[in-house]
Every structure is written in structure tokens, then in C-alpha cells.
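Read through the structure below, which is laid out as C-alpha cells, and then see the notes.
The values are calculated or read from the model by the stated rules, or taken from the named source; none is laboratory data. Quick caveat: nothing in here was measured; it's all calculated off a predicted structure. Every residue, glycine as well, gets a Cβ built from its backbone with ideal geometry; the counts of neighbours run over all protein chains shown.
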Amino acid sequence: MSQCTRSDRVRAGRNEPDGRPAGRLARAKCRLGASVRRASFWAAVLLPVVHLSLLAAGVETTRETAALAALLAANVGALVVGHDYGG
């Protein structure tokens, strides 16, 4: 996901020919992207705590192994999406 560009901010200040504010969708897309990055960043920070607790309890069954693998995949995904968060 990319940051809001200058053209998105400029477009947000203009009006369409029929008087509707332009850029409403662009502003919403920027806000949604920022929220997703923020949530992904914090998920990437907090998921290792779950990994450690699962490992401390012991991974004995295939279900627990699958859960650990799914958590690791979710953590990698959160790292990729949330790496641009700067707040």
C-alpha cells in the first residue's frame, strides 16, 4: 500500500463540475490505507508474544503445528503490509 500522494491531496481540495467535492474517494482510500498499515504494524509487533506462548506451552500435535505456521504466516504478512507505518 502506498502513502497518499500530493495529487491525492490536491484532488481532495477541488470540486466536480456538478459541485460535489472531488477526492472523497481518494481521501477515504488514504485513510483506509493508513489504518491498515497501522493495524498491520501493531499486529507484527504483538504476534511474536503469541508465538512465544505457544512455543512455551509446547507444540505437540499437528493442529498446534498448523496454528504456529498460520501465526508465522500472519506475522510475515503483517510485517510486509505494516513496514511503512511511521507513527
Note to self: Here's a check for you: in region 1-17, which residue that is touching a helix residue (DSSP H, G or I) at 6+ places or on another chain (Cβ under 6 Å) and in a loop (DSSP other than H, G, I, E, B) is modelled with the highest pLDDT?
What the structure shows: C4
Notebook entry, point to check: Can you tell me how many residues in region 18-40 are modelled with pLDDT under 75 and either within 25 Å of G77 (Cα to Cα) or in contact with a strand residue (DSSP E or B) (Cβ under 8 Å, 6 or more places away or on another chain) (or both)?
Noted result: 2
Checklist line | Members of region 23-81 that are of a type in the set (G, A, S) and not in a helix (DSSP H, G or I) | finding: G23, G58
Check: Does at least one position in region 62-82 carry a residue that is in contact (Cβ under 8 Å) with a residue 60 or more places away in the chain and either of a type in the set (F, W, Y) or surrounded by 14 or more Cβ atoms within 10 Å (Cβ to Cβ) (or both)?
Finding: yes
